[in-house]
Amino acid sequence: MLRQTWRYRDLVVSLTRRQYQLRYRQSFIGFTWAILTPIATLGAASLVFRHVAKLGTGSTPYAVSTLAALVPWTFFATSVGFGVVAVVNSQSMVTRLPFPRVALPLSMVGTAVLDLLIALALFAVVAVLTGAGIPASAAWLPLLLFVEFVMVVGIVLLGSAVNVFARDLRMAVPLFLQMWLLVTPVMYPLSAAPHRLRGWFLANPLTGVVENARRVLGTGRAPDVHLLMPALVGALVLFVIGVWYFGATERRFADVI
Amino acid sequence: MTAIDVSNVTKTYRAGVGKARFREMLPPPFDRLTATAFPHWWRKNTFDAIDDVTLAVQSGTSLGIVGHNGAGKTTLLKLIACVTAPTRGTVKTSGRIGSLLDALVGFHPDLTGRENAYLLAAMHGCGRRTMAKHIDNIFAFAEISSLADTPLKRFSAGMASRLGFATLTAIEPEILLIDEILAVGDANFQRKCVDWLDGFRRNGGTLLFVSHNLALVRSMTRSAIWLDHGRILGRGETADVLAEYGRAMESREPESRVVKRTANHRRSMAARGEYRWGVGGARLERVHFSEPNGDGRHALEISIAYEVTEGDDARFCISFLDESGREIGGTVSPSMTVGRGSGSLRCAIEPLPLRPGIYFPVVSILASDGVVRDHWRLERAVVVNGNGEPLPDFLGPVAMSFAWDQS
């Protein structure tokens, strides 16, 4: 399946480009949405966690610390949100044309990567404006994002395949993302979580990515390996399961969809 | 060389769309294990769209596929195109496949014509750079250059299928699967496609052609298969298969029961290739054909039973459509005083001077001022048989009489 995907890379690129154009076609503010989404989340988060819950983020400004975590989270949420429905939404292509179905969810992850780049630029602007600056440890970020990318591809492949057979997933995904956002240290640092629940937080593979992003972008420290390992293992497991399940069932998509 | 090799293929679909089914989610090998362990659970609510079909198509040849709606024609093409996988059996193909499985082609409604052309080519494994060279030719071929930057949702079905066909010409397929796509284009574009397909075949391309337009199947293909309920009922030379298929349609009994004109009924009639409409006030009850020799080369007698509820005068009309739905001839009776109530009349037709083929009679009853009271395109066909020689002794729709003299 991986080799076939490579052979059809033009298709993935083409679909990504199309999806990206389409997402903002006939809308007023176009790709400003890519900036607005993390900003709005940041605004709400800062209201609740900084002013209501009086949460401290140490020496790093709350906005920078939270935005550092929001960048990888937004990538995760857009990929999963759009990716899971990717195959079902392209019903007319799936039932009529022979092409590797994996191109559909991958192109959705591709559009999320473009959003991610915009969000990173936004982070850079905010970091400079608030005077926090961009630490040298930001060079670790590509590694973290790569781990997240592998995880996201696994989840999206698994989810988009299951969604073909059981549309329940379409309903479940927003709910699931909402809950996942709350249990992942995005709007609050991991240090604010009670210590006895730390094991549970680490069981969430996204914790390692998000909290380490906060470390390398915000506080300027190298990634914490103890945090990263669960994320890496989780990413690999999800990737293998996703690729296997999608590959095993994709021949049936056109019949069931 | 065999371009397409289909052996013992069965395709099972589930009937109806309801709740999600757990059995469909099982990945291999668990699906096969449970299918063996619980065959009843596995087979519940399913039907075989293709039932143990074996077929080999040599490269450089063309094969027509005919059959009534729901016979499995499209499913067979989808299996060959690898859009769907066979439940049992194997499908092997060699060469790049281009497929147009219906008029919508799988285009995205919000993308422009140009973007869709690129996307369709990419789906066939054809990269952007190759396509960039062809894109202007594509729109020139489809004759819709002015629409290149219009979203596809503003296209008519005919224009969309033009674009689909034109894009396929650019990706240089070796095997081409075409399902009823030419039916939506107008006559000029159809001609253009047929010419292109002729060239495609001469250059060694393999063509699979599905159509209800039997005239087109006849001109496009040398050999054909006739599918019925997922099985191959006939295969061989196109002329023979079409004659066999025509005979089967001919033996279908015309519907004689009183027809309720509900929307559902109209839909089901249209699905069977039967059309009936009219303002009412009189209706055709029964139409019966008798052919003394049954080969269409002798006088044909048509008896019509009718019932009139409005007006005293009526005119009757009998005409024939050819395989492509074109009206090729007919007659309108003089105005007759029929009176209210039931009645019947006969019409004798001299031997039809038609080339071998399948013809569909249309009978209608008109008010004296020409308003159509009941118009019925019969499901039964009239078959004119050829003399069995490979070269047809007629060209065109009419059988003319000639005398050749070598001097």
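The values are calculated or read from the model by the stated rules, or taken from the named source; none is laboratory data. Just so you know, these numbers come straight off a predicted model, no measurement behind them. Glycine also receives a Cβ, built like all others from the backbone with ideal geometry; neighbour counts cover every protein chain displayed.
Some points to look at:
- The condition of being in contact with an Asp or Glu (Cβ under 6 Å, 6 or more places away or on another chain) and touching a residue at least 60 places away in the same chain (Cβ under 8 Å) holds for only one of B:Gly98, B:Gly67, B:Gly89, that being B:Gly67.
- Leading residue by the ranking (farthest from the other protein chains (Cβ to nearest Cβ)) among those in the stretch A:15-33 that are among the charged types (D, E, K, R) and either part of a helix (DSSP H, G or I) or under 22 Å from A:Leu120 (Cα atoms) (or both): A:Arg23
- Listed by first and then second residue, the pairs with beta-carbon distance under 9 Å, at least 6 apart or on different chains, first residue in the stretch A:127-150 and in contact (Cβ under 8 Å) with a residue 24 or more places away in the chain, second of a type in the set (Phe, Trp, Tyr) and part of a helix (DSSP H, G or I), are A:Ile134/A:Phe123; A:Leu145/A:Phe75; A:Glu148/A:Phe75; A:Glu148/A:Phe76; A:Phe149/A:Phe75; A:Val150/A:Phe239.
- Screening the stretch A:129-172 for residues that are within 14 Å of chain B (Cβ to nearest Cβ) and part of a loop (DSSP other than H, G, I, E, B) and picking the one that is farthest from A:Phe82 (Cα to Cα) gives A:Ala166.
- Count of residues meeting criterion [within 9 Å of chain A (Cβ to nearest Cβ) and surrounded by 15 or more Cβ atoms within 10 Å (Cβ to Cβ)] in the stretch B:22-36: 4
- B:Glu323 modelled with pLDDT of 70 or more, under 30 Å from B:Gly67 (Cα atoms), surrounded by 14 or more Cβ atoms within 10 Å (Cβ to Cβ) and among the acidic types (Asp, Glu): yes
- Matching residues in the stretch B:68-102 - criterion: being under 19 Å from the mean Cα position of the chain (by Cα) and over 19 Å from B:Phe165 (Cβ atoms): B:His68, B:Asn69, B:Gly70, B:Ala71, B:Gly72, B:Thr75, B:Leu76, B:Leu79
- Meets criteria (away from chain A (no Cβ under 13 Å), touching a residue at least 24 places away in the same chain (Cβ under 8 Å) and under 21 Å from B:His124 (Cβ atoms)) for B:Ile4: yes
- Odd one out for A:Val12 among (1) of a type in the set (A, V, I, L, M, F, W, C); (2) within 14 Å of chain B (Cβ to nearest Cβ); (3) over 20 Å from the mean Cα position of the chain (by Cα): (3)
- Odd one out for A:Pro100 among (1) farther than 16 Å from A:Val64 by Cα; (2) within 14 Å of the chain's Cα centre (by Cα); (3) assigned to a loop (DSSP other than H, G, I, E, B): (2)
- Restricting B:Gly95, B:Gly106 to those that are more than 7 Å from chain A (Cβ to nearest Cβ), at pLDDT below 85 and either on the phi > 0 side of the Ramachandran plot or buried (at least 21 other Cβ atoms within 10 Å of the Cβ) (or both) reduces the list to B:Gly95.
- Answer residue from the stretch A:243-257, given it is more than 7 Å from chain B (Cβ to nearest Cβ) and closer than 14 Å to A:Val102 by Cβ and is farthest from the chain's Cα centre (by Cα) among those: A:Phe253
- Whichever residue in the stretch B:7-21 is at pLDDT 80 or above and touching a helix residue (DSSP H, G or I) at 6+ places or on another chain (Cβ under 7 Å) and, among such residues, is farthest from the other protein chains (Cβ to nearest Cβ): B:Val9
- Among the residues of the stretch A:205-257, those identified as closer than 30 Å to A:Ala136 by Cβ and hydroxyl-bearing (Ser, Thr, Tyr) are A:Thr207, A:Thr219.
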